[in-house]
Amino acid sequence: MPFNFYAILAATFVSLVVGFIWYNPKVFGTIWMNETGMTEEKAQQSNLLKVFGLTIFYSFLISLTLSSIVIHQIGALGMIGGPDNVAKALPSYAAFIADYGNAFRSFQHGALHGFFTGLFFVLPITAINSLFEQKSWKYILVTSGYWMVSLTIMGAIICGWK
């Protein structure tokens, strides 16, 4: 496989770590609570096992998907039909991987694509939903900012950790 499964697992937990910092009351937590109507009492009523368990599950799915965005060699693998077809691939595939197998495989490149995924994919989706839900621009920026930071770090880990 052209990606490191341990990198996928590490990237999975980024959303929890960034969320712990981002939504701290001393950072953006108070703004987010005010914009959503969340209270300390309401937050304490959450089923934490469900919230954290599903957060890890969904973050894992995001990490898997993000790997195809930040690691360009996955596209070449897809062109031959996936990892099961590497042995049957034309010699040009092996030559391509020999020449470009680690091209653009860096933490910086992954961070760039992770950031752009947040900026050009998550921000518009969050903004569209928030406009219909009549949420404020503060909410849109805090929520999208969280994902831009998370995806930047996730992309760096997934692309750079070979």
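Take region 35-70 and flag every residue that is loosely packed, with under 14 Cβ neighbours inside 10 Å, farther than 30 Å from Gly82 by Cβ and either hydrophobic (A, V, I, L, M, F, W, C) or touching a residue at least 24 places away in the same chain (Cβ under 8 Å) (or both).
Passing the criteria: Ala43, Leu48, Leu49, Val51, Phe52.
Anything in region 3-31 that is open to solvent by 70 Å² or more (accessible area, probe 1.4 Å) and assigned to a helix (DSSP H, G or I)? List them, or say none.
Those that are open to solvent by 70 Å² or more (accessible area, probe 1.4 Å) and assigned to a helix (DSSP H, G or I): Phe5, Tyr6, Val17, Phe20, Ile21.
So if I check each of Thr117, Thr143, Thr152, Thr126, which one is in contact with a helix residue (DSSP H, G or I) (Cβ under 8 Å, 6 or more places away or on another chain), in contact (Cβ under 8 Å) with a residue 60 or more places away in the chain and not charged (D, E, K, R)? Step through it out loud before you land on a result.
Working: Thr117 fails: in contact (Cβ under 8 Å) with a residue 60 or more places away in the chain; Thr152 fails: in contact (Cβ under 8 Å) with a residue 60 or more places away in the chain; Thr126 fails: in contact (Cβ under 8 Å) with a residue 60 or more places away in the chain.
The conditions single out Thr143.
Considering region 71-92 alone, what residues qualify as being more than 22 Å from the chain's Cα centre (by Cα) and either open to solvent by less than 50 Å² (accessible area, probe 1.4 Å) or not aliphatic (A, V, I, L, M) (or both)?
First, the residues of region 71-92 that are more than 22 Å from the chain's Cα centre (by Cα): 79-92.
Within region 71-92, Ile80, Gly81, Gly82, Pro83, Asp84, Asn85, Lys88, Ala89, Pro91, Ser92 qualify.
Only one residue in Phe120, Phe107, Phe115, Phe96 is under 19 Å from the mean Cα position of the chain (by Cα), among the hydrophobic types (A, V, I, L, M, F, W, C) and open to solvent by less than 100 Å² (accessible area, probe 1.4 Å), so which one is that? It would help to see each step written out before you state the result.
On the way: Phe120 fails: open to solvent by less than 100 Å² (accessible area, probe 1.4 Å); Phe107 fails: open to solvent by less than 100 Å² (accessible area, probe 1.4 Å); Phe96 fails: under 19 Å from the mean Cα position of the chain (by Cα).
Selected residue: Phe115, the only one of Phe120, Phe107, Phe115, Phe96 that is under 19 Å from the mean Cα position of the chain (by Cα), among the hydrophobic types (A, V, I, L, M, F, W, C) and open to solvent by less than 100 Å² (accessible area, probe 1.4 Å).
Exactly one of (1) hydrophobic (A, V, I, L, M, F, W, C); (2) touching a helix residue (DSSP H, G or I) at 6+ places or on another chain (Cβ under 6 Å); (3) at pLDDT 95 or above is unmet by Phe3. Its number?
(3)
The values are calculated or read from the model by the stated rules, or taken from the named source; none is laboratory data. This structure is a prediction, so every number in the text was calculated from the model and none was measured. Backbone-built Cβ (ideal geometry, glycine too); neighbour counts: all protein chains shown. Side chains included, ligands, DNA and RNA excluded: accessible areas come from the protein's heavy atoms. Shrake-Rupley method; radii C 1.70, N 1.55, O 1.52, S 1.80 Å.
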